[in-house]
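Q: The structure under discussion is supplied below as structure tokens; questions concerning it will follow.
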Amino acid sequence: MKVDLLYGRNGITVNLADNIPVTLVRKNPMTPLSHPLQAVKKALEEPTGCPPLADMARGKKNACILICDITRPVPNGTLLPPLIETLTTAGISKEDILILVATGLHRPNEGEELREIIGSDEVFNTVRIENHFARDRDVHTELGKTSSGIPIMIDRRFIDADLKIVTGLVEPHFMAGYSGGRKVVAPGVAYQDTILNFHTARILEHCNSANCVIEGNPLHNEQMEIIRIIGEVVSLNVALDEERRIGFVNFGEIETSHLQAVEFVRKHVEVTLPRRFKTVVTTSAGYPLDKTYYQTIKGMVGVLDILEPGGTIIIASECSEGMGSREFVAAQQLLCKVGLDQFMSILEGRNKACIDEWQSEMLVKALRVGNIQLYTTGLRQEDLNNIYVEPILSIEEAIKASVEIHGDREVAVVPEGPYVIPLLDQVRS
């Protein structure tokens with residue numbers, strides 16, 4: 001049996017022996033919109049929880065539009081042109097519109113990469129586009145603290161805008177439940193101290209800080225408290241099918257519209273299975289998510305619910321840009337030096353997280369359930385020394401070895417990685 005996996009820009013094909021029963025885990029079918037551009041325009045005219053965008057824009061002096069960075073395949077080429085047109089028609093000049101890339105603590109997106117993210121040369125050439133820099137204290141406005149004491153500091157360019165707009169892809173997220181909406185603001189355009197405070201083990205080790213969980217999720221709750229303190233924010237949300245075509249779009253008040261989008265997405269990305277597996281094959285969802293090992297960990301965590309304890313996860317991720325940030329590499333080096341238990345003891349003793357160590361923390365969650373093997377063509381040998389999982393040269397050979405070791409030939413394959421979350425059907429299991 002041949003199975004196509006998302007890997008880099010072009011994907012890879014895995015050939016599985018005929019005597020290996022395969023359970024293919026894909027999104028529940030999502031019908032792509034036949035006229036996505038018209039759907040975006042309609043969403044702006046018929047919002048949920050707020051007036052139409054044109055009405056909100058009248059009389060406003062300026063607008064700030066947040067967009068996701070390169071790690072998310074958001075179809076900005078479809079979203080931004082009607083958004084900009086609505087604002088300018090309502091009286092806000094292009095000179096007074098800022099598109100702000102919500103990088104969080106990720107690197108900035110510049111040059112041709114920035115053009116790729118924008119997806120429209122007309123917008124790229126006529127509208128001001130800037131990156132958020134989370135480490136620059138001076139460009140953030142202090143807004144007090146959340147009820148749990150987390151300092152709230154948000155990019156001043158967003159706070160000072162008359163009209164605050166968020167755009168983003170709603171997909172499963174292994175800490176916040178689902179991406180998009182409030183997450184594009186915090187951590188998207190938050191100061192590093194805000195980000196580091198809500199990425200502590202105190203929050204991330206909570207059982208509800210997990211894929212597809214919104215209610216009772218402490219990270220989501222902190223983010224929403226920040227949104228409510230900021231005030232009036234609206235959001236343009238999209239969902240994509242497995243070919244990355246738009247299957248859903250809505251616009252409205254940020255919390256209401258985001259939750260509406262989540263309810264749509266749930267039906268497609270949460271896939272229940274009647275059993276667990278001792279061998280699970282998955283990916284980091286291909287380009288652009290699999291550009292780094294840092295992002296690859298999402299794919300490992302995404303399949304944990306269907307992994308038999310002690311089983312094996314085989315994950316394919318190109319890692320074309322290597323490991324990720326230097327801080328993440330340092331966290332991985334610490335993990336490799338001290339081991340899982342001492343690493344977590346160190347993190348649990350911190351009042352404020354260190355940059356990017358939370359991704360290693362999520363890796364620990366996966367390692368405590370089973371074994372992990374990584375197929376990649378983008379990491380150097382010195383990188384492979386720090387991944388804390390087993391590198392492999394062949395996915396086919398790894399599958400063959402795993403089914404023999406575990407004495408169970410049935411294999412689950414999740415070609416789209418963390419964009420699909422397989423869940424154990426507790427009633428039928």
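Q: Express as a percent, rounded to the nearest 5, the fraction of DSSP beta bridges in the chain (both residues included) that run antiparallel. Write out the running numbers ahead of the final one.
A: Numbers: 18 of 63 bridges.
Rounded to the nearest five, the antiparallel share is 30 percent.
Q: Under a GNM of the chain (C-alpha, springs under 10 Å), which listed residue has the highest mean-square fluctuation: His199, His35, His106?
A: His35
Q: May I ask for the angle, rounded to the nearest 10°, between helix 36-45 and the longest principal axis of the chain, with both axes built from Cα atoms and the value confined to 0 to 90°?
A: That helix lies at roughly 50 degrees to the long axis.
Q: Using Cβ contacts closer than 10 Å as the measure, can you line up Ile392, Ile150 from fewest to most?
A: Ile392, Ile150
Q: Cα centroids of the range 274-292 and the range 309-354: how far apart, whole angstrom?
A: 18 Å
Q: If you don't mind, there's one more thing I want to ask. Determine, for Ser325, Ser317, the number of other Cβ atoms within 10 Å of each Cβ, and report the residues in order from fewest to most.
A: Working: Ser325 16, Ser317 32.
Listing Ser325, Ser317 from fewest to most nearby Cβ atoms yields Ser325, Ser317.
Q: Another question, if that's okay. In nm, to one decimal, how far is the Lys2 label point from the Asp136 one, both placed 7 Å along Cα→Cβ?
A: Going from the Lys2 label point to the Asp136 one covers 5.0 nm.
Q: Still on this structure, please answer the following. Out of residues 5 or more away from Val271 or on other chains, whose amide H comes under 5 Å of its own, with H placed 1.01 Å from N in the peptide plane?
A: Ile421, Leu423
Q: Normalising by the residue count of the range 36-268, find the relative contact order in percent from Cα pairs under 8 Å and 6+ residues apart.
A: 22 percent
Q: Can you list the trypsin sites (Lys or Arg not before Pro) in the range 34-123 that are in a DSSP coil and have 14 or fewer other beta carbons within 10 angstrom?
A: Working: sites: Lys41, Lys42, Arg58, Lys60, Lys61, Lys94, Arg115; in loops: Arg58, Lys60, Lys61.
Sites meeting the loop and neighbour criteria: Arg58, Lys61.
Q: Based on other C-beta atoms within 10 Å, arrange Leu79, Leu423 from fewest to most. Provide the component values of the computation, followed by the final result.
A: Details: Leu79 29, Leu423 13.
Placing the least packed residue first, the sequence is Leu423, Leu79.
Q: Based on alpha-carbon centroids, what's the gap between the range 127-200 and the range 51-90 in Å, whole number please?
A: Their Cα centres are 18 Å away from one another.
Q: Same structure, new question: For Ala17 paired with Glu205, estimate the spin-label separation in nm (one decimal), with each label point 7 Å from Cα along the Cα-to-Cβ line.
A: 4.2 nm
Q: Before rounding to the nearest 500, sum -39500 (n - 2.57) across all DSSP H runs of length at least 4 in the chain and divide by the residue total; then give [θ] at 222 nm in deg cm²/dmol. Mind dumping the intermediate values first?
A: Numbers: 17 runs with 149 residues, N = 429.
Mean residue ellipticity at 222 nm (helix-derived): -9500 deg cm²/dmol.
Q: Let me have the relative contact order for the chain, percent, based on Cα pairs under 8 Å that are six or more residues apart. Numbers along the way, then the final one.
A: Working: 955 pairs, mean separation 89.4, N = 429.
Relative contact order here is 21 percent.
Every number in this text was worked out from the coordinates using simple rules, so none of it is lab data. On a predicted model such as this, the values are computed, not experimentally measured, just so you know. Don't worry about glycine lacking a Cβ; one is built from the backbone with ideal geometry, like all the others, and counts go over all protein chains shown.
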